[in-house]
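Taking it in order: structure first as structure tokens, then the write-up.
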Amino acid sequence: MLVAMNEHIQHPIVEVMNHNRLHEGQKVSRAGYTSGLRFIIDVTFLDVKAIVQLNNQALSFNHEFCSLSSVSISETLPIPLDIPTKSRFPELGRIMLCVRFTDGLGYTDAKKIRNAIGTQTKETKDGLDPIGTGKGSSGARFSEEFRSMLSDSKWLRRFPSLTGVSKGLLSGAAAGGCYDLSYDLREAVRQLTESSEEIWWSKLDPDELTLTPSLLVDPSEKIGSKFDPANYHHLEGDKSDNLVENMKNVEMEQTGDSDIVEDLTYTLDRMMRGRRIRKQVGVNQGLAHGNESFVISENVILPWIAEEFVNCLGFFLMTRKPKYWRNGQCEVRVVQPFSSELIEVLKEAD
Amino acid sequence: MGNIKISTKNIGGTEKASVQLVSGSVNIIEGTSFSGKSSLMRGVLLGLVGAPNEHRDEIERLHLNDTDPESHSPLLRRGSSEGLVVIEHDGGKIEARLPLSGRVSGKGSNEKAVYTSMLSDLPKTNLYSAVFDGDNGDDFEWVSTVVSEAKHYIVWQNVLRPIKQELVTVRAKFEQWKSSKGDGDARKEEIDERLEELDGEIDVLRKAQGAIDDKLRSNLKTAETQHRTHAADYNHLATEIQVLKAENESQLRRIAAANAQKKIAVRRLDEAEDLENTELIAPDVPKLEAAIQKAQEEYDSVRKDAPPSTVRIIDVWLEEKIAGPKLEEVIQSERAELGDKSKLAEAGEILKKVKANKDSEVRKFMETRSKIGSASQMAAAARSEIKSANQTIADANANMGVKAADLPKMEEDFASSERQYKLSEKEVKTLRAQVAGGDSPELKKLTSESKALQDEKDSLESSTTFELRLTSLQMMPNEGILLTEDLGEHILGNGSGGKANKGLVNSNLMDIGSPEVRSLIKAEIDNGILVNIGPTTDWVSETVENQQQQTRRIFNEVGTTLFEKMPNSRIKSVELDTDYRLRQTWDNGETTGLAGSGGERALTAAAILIAMRKAFTPDIPILMIDGVLEKLDISKRKILLDFLKDYAETDGVTIVVSLLNEKETEVKVSTL
């Protein structure tokens, strides 16, 4: 099917992901089975017309082993989010957390390298899922409220195919792993907007009649809600700093390259600033008596939560298992159903 | 002649406007006062100028980013949330958006146009003030410096010129290498043919002399043939692998350079986005004004009903505290008469404080807004650099991906070919050793000829790569780039063609030294910048020359010819001397500084504007004069218009001139 798809779409497939599942009720580790394949095609430098054609071509794929084909758009997020990406970040959708394996990078002993290669997939399958609970999982690193923003995680193994898709691509060891999850920021935004009233912002004075109303939102004070970004995994003070220190030590052991460490430190410093910037909303954002809550949630709280939500996941990928996950090659991707309108928006923003 | 289409939305007092201007002509915009002539022209200027950055002062002076509905001349239509100007010309498009926040964005604009594209009296452009109000006296040096970037271009010029010269030699050497390599290949073919013949002749001789039996002779002949075939295969594969590796190295260098460029751009983007994220809180002006009003009332209530003139004198004295002893004594006594001294002083202090508070809040807001505006531009530039770096990386990966995929197989083939070649060589040697005798003079002669040819073949140019190391770029020995024949042609070019790499120079113009320019060029070698070095050097030199001298030269040409056409004019010529001081020669032979009537000054101003446009923004297709024609009597007006018409036709520029016409209630455009 791999080769058939490769021939069908006539476009380089940069990676194949294999959705690996276990039989229901299985309690012990053993080989799973492939229940789906995901083909990643880089469309960064294609124009809208070519992308739409590619979509049609992919959807028309027919194969005896394939019951359903669908096309989604995946956008690798800059971490921290930049202003344009933040402004169009959807409040709900699917997100992918992708890592590349280190394959024992930094070890010089053959046995240790073999061990690392032998365990990295299992370690990743257990540890990469941010909502997973149980042995080796990572759910405990996030508050229950944070986890409630994520659901329905799916495990995929990654097989890059820079030199073309061949029949035996999936038979070798995976080069990385990925969790695909649903996310929904709406409840967090709603709760934060409601519980911050009279702390971060106040409603417009009903007696004050003006054509140009404006409101100041000052989130400098932390509030009790666990949805407040101050409580996220990457902003836990010393605990977070220790994780960063550990990541840096591992990187030095692996590559000994201080430039890489400097780059990683720079990115993490920016992610961990936990900025709580005052914002003003007014007629430009459609502010009027009675819609204060809506305007603030859309224009202030949602972009802020989106930024810290992505920062938190990025921080998790960079610090959770640096021994197994190649730093600097971890990615958070947002996945949305294909639409030509979305493509146009993304190309316009590019 | 082509047309220029201007469309505006929510600019000035007009919701939507659209006009067609004829290129290479003088387009006259007529209308009554407040009909929107000036707004339309300022809208066009906004489109040409775009977002403020370097020349913010002049842009704000002309209120091009003014959106405040309470201002006397906001460019954004009152009550609208965004203004738009689109200028379409020769397939090109210039666009500027003016949102309520005042953060102008757009594309295709050139900020320098704020000085070089318009002469207007309301608001007054810098040029108007300089010529009509004599703001700087006779000193017109600013016309050559205000938008000049000559000193930055000189840095590039100093680096580019030696590279251009060295490339001539390098290209010649490369051609020589290619041709000696080609000659070598041809000679090798000749030698191979002769060697084959010699093998045959030796074989015949050996047989004739009984130096070898039939079986051995046949085996040796077969072994020699195989050896030749394997040697050819081996050499061919070795060359191909060397070429492939050299090409991959070139792609890897491109990736490394693009990554370095990307890293810098990402940091620049971060910095810009941090600035964009700066808190921007508009001051609550009504509240601040209410506080001032309250403090004023408080102050008035405590100062009782003293005559306002006395109060004013005391207020000024309180502010400045400068007066002679006698005056101070009188003021103190009058102040005592005003009432409770401490309360008055306190109320005065409070009033001063609340006024200062309002000023400070408003200033802070304006400064922050201005910083955010600059940051948006910085961010856009950084995003574009990141995009370009990503494109280079993807392209290099794609090139490498396709070819590099063949490398492992080729290396396997090469190893196998090497084994076969060495085996056959050994076999030939062994068989030759078995040949008994064979030392007749004829055989010896043929054998030594064969050996000599073999030696000659080995000594022929066999290098498949040419090392490029430019001393003008201060490349270290380890920075040499190995070029294959194809790669060399692609990277070096043939010295003709190519195009000026304006983007690279313009986006790296400010705060850059020669070492940085060299690094930038080195990083671009694999992207083919050397092909464009000639045109780029010429363009940079021309720009330096234009910006350094052309303003003065063009102005002096215009200033002389213009007045020659006006026999009745008292002024005979207007020139800028080498110190950029304005010199006017009068009909009585006297030479003075800036002087003359409104009409004569209008001509001087138009000449300077034309000179600045030619020197600094020759790509901007429009030149506008607003509020000047009305100041001229009919005869002078005709002379100016004739002069502008000549200039428009010669240079293909679109000139727009406003003219007050009380009969035209709506703006009307006609061509002269």
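Here are a few things to note about the model shown:
- Residue-by-residue Karplus 3J(HN,Hα) for region A:240-255, coefficients 6.51, -1.76, 1.60, Hz, glycine and proline x: 5, 4, 5, 5, 5, 4, 4, 4, 5, 4, 4, 4, 5, 5, 6, 10
- Partner lysines for B:Lys245 [C-alpha distance under 21 Å; skip if fewer than 8 residues away on the same chain]: B:Lys178, B:Lys181, B:Lys403, B:Lys409, B:Lys522
- Leading residue at positive end of dipole, the protein assembly as shown (Cβ point charges), from B:Ser417, A:Ser35, A:Gly177: A:Ser35
- Whole-Hz Karplus values for region B:544-554 come out as 4, 4, 4, 6, 7, 10, 5, 4, 5, 4, 5 Hz, taken residue by residue from phi with 6.51 cos²θ - 1.76 cosθ + 1.60 and θ = phi - 60°; glycine and proline positions read x.
- Considering only A:Val300, B:Gly102, B:Thr560, and ranking their Cα positions along the charge dipole of the protein assembly as shown that arises from unit charges at the beta-carbon of Lys, Arg, Asp and Glu, the one farthest toward the positive end is A:Val300.
- Report note on the peptides B:242-250, B:660-668, A:7-15: ranked by the mean count of other C-beta atoms within 10 Å, highest first, their order is B:242-250, A:7-15, B:660-668.
- In terms of surrounding Cβ atoms within a 10 Å radius of their Cβ, B:Lys112, B:Lys352, B:Lys287 rank from fewest to most as B:Lys287, B:Lys352, B:Lys112.
- Ranked packing of A:330-341, A:303-314, most packed first, by mean Cβ within 10 Å: A:303-314, A:330-341
- Cysteine residues of the protein assembly as shown whose C-beta has no other cysteine C-beta under 4.7 angstrom: A:Cys66, A:Cys312, A:Cys330.
- Shape of the protein assembly as shown from the C-alpha gyration tensor: oblate (a/c of 1.5 or more and a/b not above b/c, with a ≥ b ≥ c the square roots of its eigenvalues).
- A simple spin-label model places pseudo-atoms 7 Å from Cα toward Cβ; at A:Ala110 and B:Gln296 they are separated by 9.1 nm.
- Calculated FRET efficiency for the pair B:Arg61/B:Val285, C-beta based, R₀ 35 Å, to 0.05: 0.95
- Greater than 21 Å apart at Cα, pairs in A:Lys49/B:Lys499; B:Lys638/B:Lys668; A:Lys154/A:Lys248; A:Lys86/A:Lys323; B:Lys294/B:Lys355: A:Lys49/B:Lys499; A:Lys154/A:Lys248; A:Lys86/A:Lys323
- Modelled label positions at B:Ser309 and B:Glu141, each set 7 Å beyond Cα in the direction of Cβ, lie 4.7 nm from each other.
- Sparse-neighbour loop sites [GluC sites (Glu not before Pro); region A:60-138; at most 12 other C-beta within 10 Å; DSSP]: A:Glu64
- Gyration tensor verdict on region B:614-672 (Cα atoms; rounded if a/c is under 1.5, prolate if a/b is larger than b/c, oblate otherwise): prolate
- This model, with +1 at the C-beta of Lys and Arg and -1 at the C-beta of Asp and Glu, gives region B:277-393 a dipole about its Cα centre of some 580 debye.
- Neighbouring partner chain Cβ atoms per residue of B:269-282, average, 10 Å criterion: 4
- Least to most buried among A:Tyr232, A:Tyr33, A:Tyr179 (fewest other Cβ within 10 Å first): A:Tyr33, A:Tyr179, A:Tyr232
- Mean residue ellipticity (222 nm) of the protein assembly as shown, computed from DSSP H runs ≥ 4 via -39,500 (n - 2.57), nearest 500: -17000 deg cm²/dmol
- What separates the Cα centres of region B:137-181 and region A:70-146 is a distance of 50 Å.
- Unit charges at the beta carbon, dipole of region B:1-121: most positive-side option, B:His63, B:Ser35, B:Met118: B:Ser35
- Residues B:Asn248 and B:Thr225, FRET efficiency given R0 of 45 Å [Cβ-Cβ distance, rounded to 0.05]: 0.80
- Remark: the Cα gyration tensor places region A:181-280 in the prolate category, a/c being 1.5 or greater and a/b exceeding b/c.
- The mean number of Cβ atoms from other chains found within 10 Å of a Cβ in peptide A:45-54 is 1, as a whole number.
- Other residues with beta-carbon under 10 Å from the beta-carbon of B:Ala375 carry, at +1 per Lys or Arg and -1 per Asp or Glu, a net charge of -2.
- Backbone N within region A:268-290 under 17 Å of label point (7 Å from A:Glu221 Cα along the Cβ vector): A:276-279
- Cα centroid of region A:268-301 to Cα centroid of region B:491-510, whole Å: 45 Å
- Peptides ranked, highest mean first, by Cβ atoms within 10 Å: ranges B:310-318, B:426-434: B:310-318, B:426-434
- Here the relative contact order of chain B, from alpha carbon pairs under 8 Å that lie six or more residues apart, stands at 27 percent.
- Lysines with Cα under 21 Å of A:Lys226, excluding same-chain neighbours fewer than 8 positions away: A:Lys239
- Within straight-line cross-link reach of B:Lys287, aspartates and glutamates at Cα separation under 16 Å, skipping those fewer than 8 residues along the same chain: A:Asp205, A:Asp207, A:Glu208, B:Glu297, B:Asp359, B:Glu361
- Karplus (6.51, -1.76, 1.60) ³J(HN,Hα), θ = phi - 60°, over region A:308-317, in Hz, Gly and Pro reported as x: 6, 4, 5, 4, 5, 5, x, 4, 4, 5
- Near B:Leu660, the amide H atoms lying under 5 Å from its own belong to B:Glu630; only residues 5 or more places off or on other chains count, and H is placed 1.01 Å from N.
Laboratory data are not the source of any read-out in this text; all were calculated from the coordinates shown. What you are looking at is a predicted structure, and each value in this text was computed from that prediction instead of being measured. Every residue, glycine among them, receives a Cβ derived from its backbone with ideal geometry; neighbour counts consider all protein chains shown.
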